[in-house]
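Engineer: The structure that follows is given in the form of structure tokens.
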Amino acid sequence: MSGVALKCEAAAAESKGITILFPGAGRNRRLQETEAGQSPREFFYGALELAAQGIALRYADTRQDPDTILANARLWAERARNRVSGFGLSRQRVAALKSEIDDARLAISFTDGFSLSLGRHRELLGGGTVLAGGFHGLADMPDEVAPPFRPWARAQIRKSIAGLDHLFFFGEADRQEAIRRFEIPEKKTSLFRFGVDTDFWCPESKEPADYVLSVGSDPKRDYATLLSAPVSALRIITRLNLKAPQGRTDVEIIRGSYHNVAVTDTVLRNLYREAAIVAVPVRDVFQPSGYSVTLQAMACGKAVVLSRIKGLWDPYVFVSGENCVLVEPENSQALGDAIAHLRANLALRNKIGEAARATAVRSFTLQRMNDSLAALVERCLHLRDAGA
């Protein structure tokens, strides 16, 4: 951290620190809850630790609306295009944050859509800021776009990559496939290792209920496979447009509230703790989808049934039958069989849950994410200094 701290002290002296870019409304609430011990620290990707080191940081909301009527009309048109195409890109969002980005030595985006927008519309900015874009699923992105728009989307992605100084990825498989597909120089990329707050996500000594819990709103979640699997007493927490199959009274879809209580992080933690098993079904993609839910549940001492996808992060850490259960993706029978086997074997379930907690504490703590952000900052500030 010393090299980063020294560089950032110089940045503070220039009144030009680091701007962290992510959707702000939810994180502003979480910042207050974190200070009160009611929310975990991982949603800030290590920025809280940098701030604690005295580094000059500011958060900027990537959903900030423009100031003028004309710009808002253009934003509305962009959003309409994005809905039709299935590809998120916005010139107006970048323009709305011009001053916050220009007034920084380094700007770091943590969402795919804004990272692409940031690189694609770099011409709107002053030019003195290093731009780093984070990606959770870049390699799969063109495949998720409506077919008529795919050539356009691929062209926009290449232009966005060219406009970024550095790209970082949350999964090595996604990183390598994106390098191959878009011909990105490998030295322009790095891996960002996610971790969770194992002090917040922790077990509780009480008898679990019998339900299977599944959580997540990423479109890469494979709820179709889960719902077609022979799994009873299923609770799904999601913002996706999902309905329980007709006649399935044992399936509960939970959105904003549970028993008239908002699904806060503390409520979610209780649901993890109460669940017999946590299922994380994911389509076979390069994106490391499901990592936060998987690690949160493991830290709570739960046996997790996870799809063995192409984008499985840290594949050598996950050992099926020891600290989790890995199943073939998009296979409802395999998923159902794995859950049924765990349901019928309490001792095995407990053994895997204990190993899952130990794995989370050993390999997936906040420290590894703090270290990742510190290394990213140091690397990017070196790029700026080298080009100065």
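Engineer: Would you please state which residues of region 306-334 a label at Asn345 would reach in this model, taking the label point 7 Å out along Cα→Cβ and a backbone N cut-off of under 17 Å?
Structural biologist: 306, 319-328, 334
Engineer: Within 10 Å, count the other beta carbons around each residue, average over each peptide in 109-116, 246-253, 206-213, 301-308, and list them highest first. Mind dumping the intermediate values first?
Structural biologist: Details: 109-116: 23.0, 246-253: 11.5, 206-213: 15.4, 301-308: 26.0.
The densest-packed peptide leads the list: 301-308, 109-116, 206-213, 246-253.
Engineer: Tell me the label-point distance for the pair Ala262, Arg154, using the 7 Å Cα-to-Cβ offset, in nm and rounded to one decimal.
Structural biologist: 4.4
Engineer: With a probe of 1.4 Å, find how much accessible area the chain has per residue, and write the answer as a whole number in Å². Please report the intermediate quantities before stating the final value.
Structural biologist: Numbers: 16810 Å² over 388 residues.
Computed with neighbouring chains in place, this is 43 Å² per residue.
Engineer: Could you work out what % of the accessible surface of region 242-297 is carbon and sulfur, using a 1.4 angstrom probe and leaving DNA, RNA and ligands out of the count? Can you show the working numbers first?
Structural biologist: Working: 1060 of 2260 Å².
Carbon with sulfur: 47 percent of the solvent-accessible area.
Engineer: Another question, if that's okay. Subtracting the Cα-Cα distance from 0.36 nm times the residue separation, let me have the gained length for Arg58 to Gln38 in nm, one decimal. If you can, show how the numbers build up before the last one.
Structural biologist: Numbers: separation 20, 0.36 × 20 = 7.20 nm, distance 2.24 nm.
Stretched fully, the Arg58-Gln38 segment lengthens by 5.0 nm.
Engineer: May I pose another question? Most mobile of Ser85, Ser214, Ser117 per a Gaussian network model of the chain (Cα springs, under 10 Å)?
Structural biologist: Highest fluctuation among the options: Ser85.
Engineer: Please list, in chain and number order, the residues 5+ apart from Phe169 or on another chain whose amide H is under 5 Å from its amide H, with Hs placed from the backbone.
Structural biologist: Phe135, Ser190, Leu191, Phe192
Engineer: Continuing with the same structure: For Lys351, which lysines qualify as cross-link partners when the Cα separation must be under 19 Å and same-chain residues fewer than eight apart are set aside?
Structural biologist: Lys351 reaches Lys206, Lys302.
Engineer: Return one number: the angle in degrees, 0 to 90 and rounded to the nearest 10, between the long axis of the Cα atoms of helix 265-274 and the longest principal axis of the Cα atoms of the chain.
Structural biologist: 30
Engineer: Step through the table entries Lys159/Lys188; Lys98/Lys220; Lys16/Lys188, compare each Cα-Cα distance with 25 Å, and write down the pairs that go over it. Before the final figure, lay out each step's value.
Structural biologist: Values: Lys159/Lys188 15 Å; Lys98/Lys220 32 Å; Lys16/Lys188 23 Å.
In this structure, Lys98/Lys220 exceed 25 Å between Cα atoms.
Engineer: Based on the Cβ-Cβ distance of Leu383 and Gln246, what FRET efficiency does E = 1/(1 + (r/R0)^6) give at R0 = 45 Å, to the nearest 0.05?
Structural biologist: Between Leu383 and Gln246 the formula returns 0.20.
Engineer: Here is a follow-up. Taking all protein chains in place and a 1.4 Å probe, what share, in percent, of the accessible surface of region 333-388 do carbon and sulfur account for? Display every interim value, and only then the final one.
Structural biologist: On the way: 1470 of 2740 Å².
Roughly 54 percent of what the probe reaches on region 333-388 is carbon or sulfur.
Engineer: Another question, then. 222 nm [θ] for the chain, helices only, -39500 (n - 2.57) per DSSP H run of 4+, per residue, to 500?
Structural biologist: Working: 15 runs with 170 residues, N = 388.
Helix-only estimate at 222 nm: -13500 deg cm²/dmol.
Engineer: Using a 1.4 Å probe on the protein heavy atoms, what percent of the accessible area of region 38-157 belongs to carbon and sulfur? Mind dumping the intermediate values first?
Structural biologist: Details: 2600 of 4970 Å².
Carbon-and-sulfur percentage of accessible area, whole number: 52.
Engineer: Please report, in debye to the nearest 20, how large the charge dipole of region 282-328 is about its Cα centre when each Lys and Arg carries +1 at its beta carbon and each Asp and Glu carries -1 there. Display every interim value, and only then the final one.
Structural biologist: Working: 4 positive and 4 negative charges, 22 e Å.
About 100 debye.
Engineer: What is the angle, in °, between the Cα long axis of helix 69-85 and the longest principal axis of the Cα atoms in the chain? Nearest 10 is fine, range 0 to 90.
Structural biologist: Once rounded, one gets 40 degrees.
Engineer: Follow-up question, since we're still on this one. Classify region 90-214 from the C-alpha gyration tensor, please: rounded if a/c falls under 1.5, else prolate or oblate depending on whether a/b exceeds b/c.
Structural biologist: Values: a/c = 2.10, a/b = 1.57, b/c = 1.34.
Prolate.
Engineer: With springs only between Cα atoms under 10 Å apart, run a GNM on the chain and tell me which of Gln287, Gln333, Gln296 wobbles the most.
Structural biologist: Gln333
The values are calculated or read from the model by the stated rules, or taken from the named source; none is laboratory data. Small disclaimer: the values here were computed from a predicted structure and weren't measured. Positions of Cβ are generated from backbone atoms using ideal geometry, with glycine treated the same way; all protein chains shown enter the neighbour counts. Calculation scope for accessible area: heavy atoms of the full protein, side chains included, ligands and nucleic acids excluded. Shrake-Rupley method; radii C 1.70, N 1.55, O 1.52, S 1.80 Å.
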